[in-house]
Amino acid sequence: MPSYQPCAHCGFYAHSPYLVCAVHPHGPEVLPCPEFESAELWQPESPNDFDVLADWFWHPLFTGCCPECHTPFSRFKLPPLQWRCRICGWEDDTFTDA
């Protein structure tokens, strides 16, 4: 497969020796690719954006452990849809529908 430098920075890039991306399996027909979507990580637009993130640093998604009893969650499994500690029974009800 041909390798194009911009493709490695695209959100559609497949990271495969057999496939360039989901949109253009054999690579883009024209450069620059019209479907290019940046895969760069989110950058804050203002210092206030960090305040929103700081409210979540206690969560097991960031810490890897229960906020109540500090029991570690597995790092080798996908994050659960509903966080629940198997030891103390703590549950994350942040995103439950009420």
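Within the range 1-14, being at pLDDT below 80 and in a loop (DSSP other than H, G, I, E, B) holds for Met1, Pro2, Ser3, Tyr4.
Considering only the range 20-31, I want to know if a residue exists there that is loosely packed, with under 11 Cβ neighbours inside 10 Å and modelled with pLDDT of 85 or more. Yes, there is a match, as at least one residue in the range 20-31 is loosely packed, with under 11 Cβ neighbours inside 10 Å and modelled with pLDDT of 85 or more.
Listed here are the residues, each with its yes/no results for (1) modelled with pLDDT under 85; (2) surrounded by fewer than 11 Cβ atoms within 10 Å (Cβ to Cβ); (3) of a type outside the set (A, V, I, L, M); (4) assigned to a loop (DSSP other than H, G, I, E, B).
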position: Glu45; (1), (2), (3), (4): yes, yes, yes, yes
position: Phe50; (1), (2), (3), (4): yes, yes, yes, no
position: Leu53; (1), (2), (3), (4): yes, no, no, no
position: Leu61; (1), (2), (3), (4): yes, no, no, no
position: Cys69; (1), (2), (3), (4): no, no, yes, yes
position: Lys77; (1), (2), (3), (4): yes, yes, yes, yes
position: Leu81; (1), (2), (3), (4): yes, yes, no, yes
position: Phe95; (1), (2), (3), (4): yes, yes, yes, yes
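Residue pairs whose Cβ atoms lie under 8 Å apart, separated by 6 or more positions or on different chains, with the first residue in the range 67-81 and acidic (Asp, Glu) and the second modelled with pLDDT of 80 or more and assigned to a loop (DSSP other than H, G, I, E, B), are Glu68/Cys85; Glu68/Cys88; Glu68/Trp90.
The values are calculated or read from the model by the stated rules, or taken from the named source; none is laboratory data. Just so we're clear, the structure is a prediction, and the values are computed from it rather than from any experiment. All Cβ positions, even for glycine, are placed from backbone atoms using ideal geometry, and neighbour counts span all protein chains on display.
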